[in-house]
Structures are given as structure tokens and as C-alpha cells.
Amino acid sequence: MTVMEQRGAYRPSPPPAWQPRTDPAPLLPDAEPYRVLGTEAAAKADPELLGRLYEQLVLGRRYNTQATALTKQGRLAVYPSSTGQEACEVAAALALQDRDWLFPSYRDTLAAVARGVDPVHALTLLRGDWHTGYDPAEHRVAPLSTPLATQLPHAVGLAHAARLKGDDVVALAMVGDGGTSEGDFHEALNFAAVWQAPVVFLVQNNGFAISVPLAKQTAAPSLAHKAVGYGMPGRLVDGNDAAAVHEVLTDAVRHARAGGGPTLVEAVTYRIDAHTNADDATRYRGDAEVEAWRAHDPVLLLERELTGRGLLDEDGVAAVRQSAETMAARLRERMNQDPALDPMDLFAHVYAEPTAQLSEQRELLAAELAAEAEEGTAR
């Protein structure tokens, strides 16, 4: 018998009885992204929640435009804008309890701010200053992750550890569509599902990994469909519908807290601005595409819903926008102040207990700085 004939004759034996089998049907996402705004479900949405989401969206939009302007003024080295994705950012922050943890990517500065991080401190890393720029434990926001998807295994580890300790904690990890092409994404989902860790993965599918469109990254029906391969539920949601994203994430967080394990949520959205201020987006997408998504703007969608239901009038809109302008003015003022940098901070927060080599380096730098100061005084 030839090798090919042997292969053709091969039939795998049934799996042993101990191998678990899961019906994939309940894990599959809907065929279309879930929506609330503009549907019958909107009438059931909490007006107070919608108002809070709207305020945060308007503040977030102004935060994005102000931070982008700061890069042009040389006050920021780089800024990855989330303009157009504010619904995902705000909903992620508001879906968590104070005891939960948020694991953001580099584009999720706004989510960190909505979670309570000082707006200037949230920009510190992008300014080129020391370390993270804020205390992660204060608001339970992990450091902004510049390497793609490396924050996902960290989220799983924290969530798993919290459950082992008996802590009622959920981790929500944010990542872009480009991050789903990284090995860390797959490893994190696999571990989370096997351990049934209380973690929620939010994929902001904004269409491009810098200049690479989603079609060149995956052939899957949707990124949410990847969930079934790991044995967790996948949810597909309109990422520009703040009410829908908040509802889906809140359900996923509740599911995780109750011991149901992880959920993968894909929010279909769009990055209106370039990848960063160093990117020329016109090289890989046209103006017509961008304008089409502007018509599905998350701020306008929610504003239209609120005004249509009589929950928001012109004075209300003006008040929220004025609050956003006040925030932007304070941000400009504080960012225009040069930070007082201490070179000795290089050695802080590297290890819990400094190593001998680190201590030696610290002493050498301290001696050099002292010598420079003495020389300057002598002059």
C-alpha cells in the first residue's frame, strides 16, 4: 500500500470519554453587530446612563482633538488618537466596578482617563517622561501597553490570581484588530478559557493595523468568531453605539464575575484620524471611506437619540461642550508647563528590591551629578 493509500485509509478514532465536548452554537456571535440606538431596544435604555455616556463621549472627543494638537506643538512626542472610537473607550471604563482592573493598549488613553486617571498623567508616557506616568493600583488601570497584545496575558494572570485568592475581581483587556494577529492574543484566550478566568477581551476592530486592512489579517467571518475555537462566547457589537457596547460589556463582566469564564467582544468601529501623528493615512484609504464613517459618528448617534427622546436640548448640548472646553483649557495649561525631571527616577520602580548592580549604577550617577553641580558652583 502506498503512502497516499495509507493516508486515505486512515480514520481517526472517536475521542476518549474523558475529552470534553462543547456545543459550539451558544458560543457563536450574532451574524450582525448588536445595536441599541435607533432600535426598539433604545426605549428600554436607562436615560441617566445615556446622559452619562454622552457627557463622557463629548469630553473624550475634545480630549482627543486637544492631545492631537499638543503633538503639533511639540508637547507630546506621539499621540494615537481614538477619535471615532470613543464609544468603546468610555463604555469599557464605565462597565467596570471600582475593584476591577482595566488593561489598555497604547490607543486607550481615553479609557484610562474615563476610569479616573489624571488626564496629564495618562499622557506622560506619550510625552517621553518617566515610567507609566501614574500609579496603576490607584485606579486599577494597568500601564498603557505599546507592544501589541502583551497586556492580554497579564490580564488573564491577574484575573486568575484574583479568583484563586477569592477576590471578586474582573479584568477587562482592550486590544485592536492588529493585536489579534499576535501570538499573545491566542495564548491569552487559550489560558483564559482553560482556567475559566474572569476576564473580558474587547477587540476594537477599527479596520486597519496601521495600514494593513483586516482582510489581510484574517479570513474568519468576524474576529468574534475566533472565540469558539477557544471555548468561550463571542459577541459582535456596533462599536460606535455607546449604549450597545456598554450593555454587551456589562453582561460580559457580570458573566465573568459569576464564574462563567471569559468572553471575547468584537466592537466594529473606525479610526477617523491617522494611526498616529506620524502616519499618512491617505496612502492606504480614501476620503470617501472616512466620510462614510463620519455619518456613523458615536457622538452624533447618541446625541440624536437623546434629543429625539426629549432627554437633551440645545442648552444641555452647550453645557456639555463648555465643560469639554474647560477640560481642554486646563489640559493645555498643565501640558505647557515643563516637567521637573529627576535623573535618579531612572532607578525607581525597576525592582521591588534594588539589585547590587542597580545600586552601583545609582551611586555612580549620583556622584556624577554631584560633581557637575560642584563644578557649576565653582564657576
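For region 65-107: of the residues being acidic (Asp, Glu) and in a loop (DSSP other than H, G, I, E, B), which is nearest to Ala171 (Cα to Cα)?
Asp100
Working carefully through the options Val175, Val169, Val265, Val248, find the one that is surrounded by fewer than 23 Cβ atoms within 10 Å (Cβ to Cβ) and either under 22 Å from Asp98 (Cα atoms) or not assigned by TED's automatic domain parsing to the domain that holds Arg140 (or both).
After ruling out the rest, the residue left standing is Val169.
Looking only at region 110-144, which residues are among the small types (Gly, Ala, Ser), surrounded by fewer than 18 Cβ atoms within 10 Å (Cβ to Cβ) and part of a helix (DSSP H, G or I)?
Ala137
Which one of the conditions (1) part of a loop (DSSP other than H, G, I, E, B); (2) free of Cβ contacts under 8 Å to residues at least 60 places away in the same chain does Asp168 fail to meet, given that it meets all the rest?
Every listed condition holds for Asp168 apart from (2).
Among residues belonging to region 115-143 that are out of contact with any Phe, Trp or Tyr (no Cβ under 9 Å at 6 or more places or on another chain) and of a type in the set (Gly, Ala, Ser), point out the one that is nearest to Thr269 (Cα to Cα).
Gly116
In this structure, is Asn240 in the same structural domain as Glu266 (by TED's automatic domain parsing), of a type in the set (S, T, N, Q) and closer than 18 Å to Leu49 by Cβ?
yes
Yes or no: region 344-358 includes at least one residue that is more than 29 Å from the chain's Cα centre (by Cα), of a type in the set (S, T, N, Q) and either at pLDDT 95 or above or not assigned by TED's automatic domain parsing to the domain that holds Ala209 (or both).
yes
Could you check Asp287 against (1) touching a residue at least 12 places away in the same chain (Cβ under 8 Å); (2) more than 30 Å from Arg127 (Cβ to Cβ); (3) not polar (S, T, N, Q) and say which number it fails?
Unmet condition: (1).
Out of everything in region 108-137 that is among the acidic types (Asp, Glu) and modelled with pLDDT under 95, what residue ends up being farthest from Val78 (Cα to Cα)?
Within region 108-137, the match that is farthest from Val78 (Cα to Cα) is Asp135.
Return a yes/no flag: does region 13-24 have any residue that is in a helix (DSSP H, G or I), modelled with pLDDT under 90 and not assigned by TED's automatic domain parsing to the domain that holds Val203.
No, every residue in region 13-24 fails to be in a helix (DSSP H, G or I), modelled with pLDDT under 90 and not assigned by TED's automatic domain parsing to the domain that holds Val203.
Please work out which residue is modelled with the lowest pLDDT, limiting yourself to region 145-165 and to residues that are in a loop (DSSP other than H, G, I, E, B) and among the β-branched types (Val, Ile, Thr).
That would be Thr146.
The values are calculated or read from the model by the stated rules, or taken from the named source; none is laboratory data. All of these numbers come straight from a predicted model, not from anything done at the bench. Quick reminder, even Gly has a Cβ in these numbers, built from the backbone with ideal geometry, and neighbours come from all protein chains shown.
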